[in-house]
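The values are calculated or read from the model by the stated rules, or taken from the named source; none is laboratory data. From a predicted model like this one, the values you see are computed outputs, not experimental measurements. All Cβ positions, glycine included, derive from the backbone under ideal geometry; neighbour counts span all protein chains shown. To get the accessible areas, we keep the full protein, side chains included, count just its heavy atoms, and leave off ligands, DNA and RNA. Shrake-Rupley method; radii C 1.70, N 1.55, O 1.52, S 1.80 Å.
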Amino acid sequence: MSASVITPPETRAAPAGARARPDAAAVSRVVAELQKRFGNRAVTSLAVREQHAHTTTWLPVQPPDVVVYPQGTEEVVEIVRLCATERMPVIAFGVGTSLEGHLNAPFGGVSIDMSQMKAVVAVHAEDLDVVVQPGITRKELNEYLRDTGLFFPIDPGADATIGGMAATRASGTNAVRYGTMKDNVLALKVVSPQGEVIKAGSRAKKSSAGYDLTRLFVGSEGTLGVITEITLRLSGIPEAISGGICSFPSVKAACDAVILTIQCGLPVARIELLDEVQIRGINAYSKLSLPETPLLLFEFHGTEAGVKEQAERFGEFAAECGGTGFRFSTDPEERSKLWQARHDVYWASLGLRPGAKGVASDVCVPISRLAECLAETKEDIERSGLVAPIAGHVGDGNFHVMPLVMMDDPAEIEKTEAFMHRLVERAMRMEGTCTGEHGVGSGKMKYLKAEHGEPALAMMRLLKRSIDPDDIMNPGKIVAV
């Protein structure tokens with residue numbers, strides 16, 4: 001990577017390709033019409049526009065031309081139809097927690113901010129499902145559901161919106177037991193690039209009626225349409241939860257314990273790995289005193305007797321793999337403190353190297369290759385001389401690495417990018433994927449051909465062109481057309 005990564009955002013040219021930025025006259029017409037229709041809900045200030053294209057990676061900030069705040073599906077339809085007449089890009093925005101440049105507007109356009117579409121449309125407690133608008137966050141939804149005895153289990157760490165989680169096929173700490181967004185979205189309402197409302201799926205728990213459009217839109221990152229309503233599968237709040245920790249002499253030993261746990265069928269709900277570098281950051285940031293060695297943080301859901309038995313059984317597996325300091329508790333306050341520390345790893349990591357930028361990436365491999373992949377990655381970090389803490393949802397083979405980079409040092413940027421490239425190559429060599437949950441955005445487009453092959457990539461392009469022939473839906477993401 002060249003030093004141009006730190007060029008001020010407004011001086012950057014749009015990426016090369018068939019797609020072109022709309023001319024100034026078209027932008028002016030769209031902005032004027034949006035301001036006439038939506039008043040102060042159509043905003044053009046630079047500060048707001050840059051906020052809607054911020055990126056937590058080293059990708060440049062590429063702001064849209066205007067940000068609009070709709071309040072319902074019909075208003076989204078109006079916005080999209082207007083954009084379609086001018087071939088104006090449309091980028092849906094939740095709360096901005098994505099990590100691969102999904103929200104950038106390399107060709108300008110309209111950012112549709114869903115923050116005023118937070119309604120819980122319907123709760124069907126007897127059927128264990130709920131219908132929501134896309135702007136509600138997972139914490140807001142679970143607070144709303146609390147008195148029903150149900151909860152929505154997908155927990156990516158950040159308090160992301162449900163719409164954003166569906167669009168990026170999010171997962172997180174609970175995925176090993178409850179699956180990912182693709183397993184928990186039953187139906188969607190989507191505004192197509194032509195401004196039509198598409199209903200994908202239904203509240204039925206299964207169907208064989210036609211193509212599975214729901215799964216097509218889940219994970220499409222806003223490149224095929226704008227999600228305006230989501231029907232979610234819910235789960236019962238467990239009668240009891242046991243959680244705890246165990247330290248290990250190496251990441252390999254910790255991974256071996258995870259593999260043994262999964263292969264023996266122990267129904268773990270969450271099992272997270274934090275390496276010794278990450279633990280050092282957590283101790284400082286969260287005021288903890290954990291041993292600064294690789295650590296597993298785990299949780300079991302079930303009955304009082306069941307979770308106790310499962311935790312004790314896990315302790316036996318951990319001991320076989322060299323684990324020490326094993327302890328568990330059913331006390332909610334103690335568990336919450338540990339999980340909050342886990343969710344704060346981004347901020348904790350930044351404290352390890354003040355002044356550096358955290359550049360997060362994730363990969364996922366078959367669980368049988370996890371120990372090998374992590375061990376090689378740790379060796380690579382050491383050889384490269386990087387400070388790069390590791391945290392992972394290791395119950396499903398997914399882990400995150402966040403090199404801390406001084407962005408005014410081109411040589412360090414280049415060294416870090418080379419490491420990140422090797423990380424992806426390593427995962428794919430082990431029959432894994434370039435991203436387990438962060439998504440493709442613009443940051444990982446370059447890896448899709450190697451992962452899927454040209455015929456599959458060509459089919460993705462064909463789908464994109466067929467559904468969005470004018471390439472207005474979040475252009476420059478996933479596949480270039």
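Subtracting the Cα-Cα distance of E239 and S289 from their residue separation scaled by 0.36 nm leaves 15.0 nm. Normalised by the number of residues in segment 229-351, the average gap of Cα pairs under 8 Å and 6 or more apart makes the relative contact order 40 percent.
For K357, the lysines whose Cα comes closer than 21 Å to its Cα, not counting residues fewer than 8 places off in the same chain, are K378, K415, K444.
Place a point 7 Å from Cα of E382 in the direction of its Cβ. Which residues in segment 252-279 have their backbone N less than 18 Å from it? Residues 252-256, 274-279 qualify, since their backbone N sits under 18 Å from the label point. The label-point distance for A305 and D409, in a model that sets each label 7 Å from Cα toward Cβ, rounds to 5.8 nm.
Taking Cα atoms only, the orientation of helix 73-86 departs from the longest principal axis of the chain by about 60 degrees. Which FRET efficiency, nearest 0.05, do L260 and A24 yield, Cβ-Cβ r, R0 41 Å? FRET efficiency, L260 to A24: 0.10.
Counting only aspartates and glutamates at least 8 places from K206 when in the same chain, those with an alpha carbon closer than 12 Å to its own are D183. At a probe radius of 1.4 angstrom, the accessible area of the chain per residue rounds to 41 square angstrom.
What number comes out for the charge environment of A311, summing +1 per Lys or Arg and -1 per Asp or Glu over other residues with Cβ under 11 Å away?
-1
Distances between placed amide hydrogens fall under 5 Å for V90 paired with V110, M473, N474, all partners being 5 or more residues away or on another chain. In plain terms, the chain is cut at each of the trypsin sites (Lys or Arg not before Pro) found in a DSSP loop with at most 12 other Cβ atoms within 10 Å, and the longest leftover piece is 1-204.
In the structure shown, the pairs K182/K252; K199/K477; K287/K337; K36/K189; K182/K337 are assessed against 18 Å; a Cα-Cα span above that value is assigned to K182/K252; K199/K477; K36/K189; K182/K337. Extension gain for A375-H421 works out to 14.9 nm (0.36 nm per residue, less the C-alpha to C-alpha distance). Taking the C-alpha atoms only, the angle from helix 24-38 to the longest principal axis of the chain is near 80 degrees. In the list (1) 25.6; (2) 22.0; (3) 23.6, the label attached to mean projected area of the Cα convex hull in nm² as derived from the coordinates here is (2). Starting from the Cα gyration tensor of segment 81-147, take the square roots of the eigenvalues, sort them a ≥ b ≥ c, and report rounded, prolate or oblate (rounded when a/c is under 1.5, otherwise prolate if a/b is larger than b/c, else oblate). Note, shape of segment 81-147 comes out prolate. For the chain, the longest principal axis of the C-alpha atoms and the axis of helix 332-343 are separated by about 60°. Applying 0.36 nm per residue to the separation of D470 and A458 and subtracting their alpha-carbon distance, the gain on full extension is 2.6 nm.
If R0 is taken as 30 Å, the Cβ-Cβ distance between K337 and V95 corresponds to a FRET efficiency of 0.80.
Extending 7 Å from the Cα toward the beta-carbon at both V48 and S208 defines two label points whose distance is 5.1 nm. Take every Cα pair under 8 Å whose residues are at least 6 apart in sequence, average their separation, divide by the length of segment 180-242, and the relative contact order is 44 percent.
Compute the Cα gyration tensor for segment 334-397, then decide on rounded, prolate or oblate, letting a ≥ b ≥ c be the square roots of its eigenvalues: rounded whenever a/c is under 1.5, prolate when a/b is larger than b/c in the other cases, and oblate in all that remain.
oblate
Among L295, L463, L59, the order of accessible area from largest down is L463, L59, L295, computed with a 1.4 Å probe on protein heavy atoms. The Cα center of segment 337-354 and the Cα center of segment 436-481 differ in position by 33 Å.
Structural descriptor for segment 16-82: relative contact order 28 percent, calculated from alpha carbon pairs under 8 angstrom and at least 6 residues apart.
Computed from the C-beta positions of E126 and E312, the FRET efficiency with R₀ = 41 Å rounds to 0.70.
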